[in-house]
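What follows is a set of notes on a single structure, which appears directly below.
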Amino acid sequence: MNLRPLPILSLFFLLIQFASCDGFLKRHGEESSPRMNFGKKELTKNRMGMELNLVYLDSANRDFTTAIDSILIHLENSVYAGASNSELSKFNQMDTLLSPSSELLTWMKKAKNWNLETNGAVEFTEKPMEDIWSFSASGPRLQDSVDVGYFLNRTGFSKVLFSDSMMVKPMDLKIDFSKISAGIALDRIASFLKDQGIRNFYLKMGASELANGVNENGELWKSSISYLIDSTEKSASGWIALQNKAISAWGDESNYYLNDSLKTGFILDPRTGYPANHGLLRAVVIGTDSETTDALADYLRISGKSTAFRLDSLRDDVQFLLIYHERGGKLTQYISPELIQFLSFPVN
C-alpha cells in the first residue's frame, strides 16, 4: 500500500503537540521534583568555641559565607565569655556596665526568663561550683577543705540587676551563656536564611541541630540518635527525621556512678552546690526552636525525668527521648508518642 506523505502543515501541528506534552511533563514532573536545579551549598565555621556546620539549597547558588560569619562574629564579640575582649567578658571583670548593647541586653533577658522559669535549674553563673567538684565512675569528689556554701554564694543569676542603661552584679559573679549560645545562634542564622528566601537547610552547632524543609533528595533532614535496643541495656545508633524541628541532646548512659544502687550522671545541681540525685542519664529534646531545646535539655539535666514527663503532658511544642535508670533496676527508655513516625528504629 502506498502511503501519502503528510502535508507540511500536519507535521507542524504534530510537533507542537509533542512540545506541549513535553512541557506538561516538565512542569509537573521534573520541575516539581525535589531534585530541582537547586545549588547545594555547605559551610563550616569555628566560632564561639564551637563548630558550625550548615547545608542549604539555593537555586540561585548564592554564597552566604560572609554574611553568616558576620552574624557569628557579632555574637562572639557581644556575648561569648570565652573571648577576652567581648562585652560580656568585660562585664565579668567589673561590677557595673553602663550603656550595654541591645545584643547583650537581649541575652540577659533570655537568661533571666529561663532561670526564673526553671526555678534556678538553668543557671548561668555556676562555674565556681564546678571548679570544686570532680566526677568519675567511683563517684563525686569535693576538693579538700572546701566550704560549699562559700562558693554557692558566689553564684546566682538572680543577683544580676539590669536595665536598658545599666547592669550591676557582685564583682566575683561570672556570667556564661554557653548552655544556650548554640541554640540562639542557630535560630539567628535560620532567620537570616529564611529572610533570603532559603527554605531548605540544616544547621548543627555543638550538640544542637536545626532543620527546615528537605535535603537535595527531597527527604527530611536526619539527625543521628542513640537508643536502647532492648532490655539488655545495649544501645545502637539510628536516626530521627526532623520536620522543621530543632533538636538538642545531653548526656551519655555509659557515664555514671552508682549512688545507693541508682545509676547517676556526672551532674552538679547549681541550686544546692551538690551533685544531683536522679537517674536520668540521657535526654534528647525536639522542638520548634533551638533556644528552647537547648534550655530544656539543660533543665532536664538538673531536674531529671519527672520534669520531662510533666513537660511532655503539658506542652505540645516539645517532645523527648529519655534514657534513665530506676534504683535497683535496668535502664529504661521513654519516647514521646509523636516522635515514633519519624524514627528509623522500632519502639516497643
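Place the peptides 267-280, 137-150, 51-64, 224-237 in order of packing, highest mean first, counting for every residue the other Cβ atoms within 10 Å and averaging per peptide.
Working: 267-280: 19.5, 137-150: 10.9, 51-64: 16.1, 224-237: 13.8.
Ranked by mean Cβ neighbours within 10 Å, highest first: 267-280, 51-64, 224-237, 137-150.
Order 166-172, 151-157 from most to least packed using the mean count of other Cβ atoms within 10 Å. Intermediate values should be presented prior to the final figure.
Numbers: 166-172: 15.1, 151-157: 19.0.
The peptides rank, most packed first, as 151-157, 166-172.
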Could you please report the charge total around GLN93, scoring K, R as +1 and D, E as -1 over all other residues with beta-carbon less than 13 angstrom from its beta-carbon? 0
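Quick check on region 231-348: take the gyration tensor over C-alpha atoms, sort the square-rooted eigenvalues as a ≥ b ≥ c, and tell me if it's rounded (a/c under 1.5), prolate or oblate. Mind dumping the intermediate values first?
Working: a/c = 2.02, a/b = 1.29, b/c = 1.57.
Oblate is the answer for region 231-348, as a/c is 1.5 or above yet b/c matches or exceeds a/b.
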Rounded to the nearest 10 degrees, what's the angle between the helix 8-25 long axis and the longest principal axis of the chain, both from Cα atoms, 0 to 90? 10
Taking 51 Å as R0, compute the FRET efficiency from the Cβ-Cβ separation of SER158 and ASN217 and round it to 0.05. 0.55
With a 25 Å threshold on alpha-carbon distance, the violating pairs from LYS127/LYS159; LYS245/LYS330; LYS90/LYS159; LYS40/LYS179 are LYS245/LYS330; LYS40/LYS179
What is the angle, in °, between the Cα long axis of helix 178-195 and the longest principal axis of the Cα atoms in the chain? Nearest 10 is fine, range 0 to 90. 20
If you work out Rg/Rh (Cα atoms, Kirkwood Rh) from the coordinates, which of (i) 0.96; (ii) 1.14; (iii) 1.03 do you get? (ii)
Round to the nearest 10 and give me the degree value, 0 to 90, for the angle of helix 102-117's Cα axis relative to the longest principal axis of the chain. 70
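Where a number appears in this text, it was derived from the coordinates with a stated rule and is not lab data. Small disclaimer: the values here were computed from a predicted structure and weren't measured. Neighbour counts are summed over all protein chains in view; Cβ atoms, including those assigned to glycine, are modelled from backbone coordinates with ideal geometry.
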